[in-house]
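Read the structure below first, then the notes.
The values are calculated or read from the model by the stated rules, or taken from the named source; none is laboratory data. The model shown is predicted, which means the values in this text are computed figures rather than measured ones. Here Cβ is always computed from backbone atoms with ideal geometry, including for glycine, and neighbour counts include all displayed protein chains. Side chains are part of the model used for accessible areas, which takes the heavy atoms of the whole protein and leaves out ligands, DNA and RNA. Shrake-Rupley method; radii C 1.70, N 1.55, O 1.52, S 1.80 Å.
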Amino acid sequence: MIPYFPWPVRNGGMARQDALLRALSARGHRITVLSLTHEAPSEAVLEGVREFLDRVEIAPRRKLAHPISLSKALLSRRPAITSINAASLLFRIKFENLIQQDFHIVQIEHSYALGALRTPLRRHRLPFILTEHNVESRVAQVPYSRFPAPLRAFGLVDRLRYQFWEKTAVREASCVVAVSQDEEKFFQTLGARTAVVPNCIDTSAHREVLPDRNADRVLFIGNYRYPPNVSAVEWLCDDIMPRLWQQKPEVKLSVCGFELPEQWRKRWLDPRVSFSGFVSRVTDAHSESSVFVAPLRAGAGSKLKVIEAMASGLPVVATQQGVSGLNVEDGVHYRHGETPDEITQALASLLRDRQRAERMGETARNFAVQNHDWSIAAAALERVYAAQRAQVA
């Protein structure tokens, strides 16, 4: 059960859904997906996913600005995003109909999807696996930080609501699947039974990528519906690149990704900065770049964009948040920086010392292949399923 339709793939969460479902199908699992969506997918998209799914069920979700959505978000005791998802009566009805069939495993993606499904789950005493891509209570405040003061105050309330809801959700699940050991430890403090299924990528797609060491090009890729990525680009353009240009005026910056804000092209007019928007093949952007930068200051989970860059042999400069969930070492797999000056020096060093950048990139590539290929994640999820079935039996 997914609170959004993950096709076409436009962000890391969707990429995780797509890859794991394909991998599990290839391993012989028969899969039904029920999802909420703002817009009905095209028949061509549905035909594509039916190649590896047994059944696809879709329920409409109201947009955030809809009066019913807003009233639910403001008045409910649950957090806003949970209340909005729970407002879909058809989602709950379709779920109730599905769980009366003979499924071995019920898996729910994101605790904010549970609000609509909790009543039928409890009525049928049905065990379920809950996958959390983030510690949602930690990122619940982030979207509100960019809003006017009254909404920022509401954000504080909403975070408190999410802390309470999160504890309830993870305790009711028979197993909570986290994407990193750090987040697993957090869920354990709430009383959850846990397992880790890491974020991964198709490393074979990156095997032949060769970064352009001579391009003097820094790359950032993100989904700009996600506020931490917006904040990262603004910090990069306002505070980091001007410092880097003082040392290396020839350096270029490429910013790519889904729903890139159009006003950025007017805000930063320097010809050394290019805003390319969505790229269908991230490997093309990797092969044209020299260094990948991840100046993230908020968020959670492990970052697929960073793993993809590593798998392509790109040296990475990142904050600790940028490599959260990854068992990497500063100076070996990536260069670390927390302040604009630290990030600037790390970027300048790798752009100057191309041999060192190549060695670090290849070390990072090996790390990604050995630890973050989807085959590893699929096998870990199958172990969760086996434990669930043994527990039920």
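Within region 367-393, the set of residues being polar (S, T, N, Q) and either on the phi > 0 side of the Ramachandran plot or over 22 Å from the mean Cα position of the chain (by Cα) (or both) comprises Gln388, Gln391. Note on region 250-293: residues that are at positive phi and open to solvent by 20 Å² or more (accessible area, probe 1.4 Å) amount to 1.
Flag set for Glu358, criterion: touching a residue at least 24 places away in the same chain (Cβ under 8 Å), among the acidic types (Asp, Glu) and either at negative phi or open to solvent by less than 60 Å² (accessible area, probe 1.4 Å) (or both). Of the helices (runs of 4 or more DSSP H) lying entirely inside region 1-93, those carrying at least 1 residues that are in contact with a helix residue (DSSP H, G or I) (Cβ under 6 Å, 6 or more places away or on another chain) and in contact (Cβ under 8 Å) with a residue 12 or more places away in the chain are 12-26, 67-75, 80-86.
Scanning region 68-127 for residues that are more than 25 Å from Ala387 (Cα to Cα), surrounded by fewer than 13 Cβ atoms within 10 Å (Cβ to Cβ) and not basic (Lys, Arg) gives Ile68, Ser71, Leu74, Leu75, Leu89, Asn97. Please determine whether any residue of region 331-341 is of a type in the set (A, V, I, L, M), buried (at least 20 other Cβ atoms within 10 Å of the Cβ), farther than 19 Å from Ala195 by Cα and touching a residue at least 24 places away in the same chain (Cβ under 8 Å). No, that holds for no residue.
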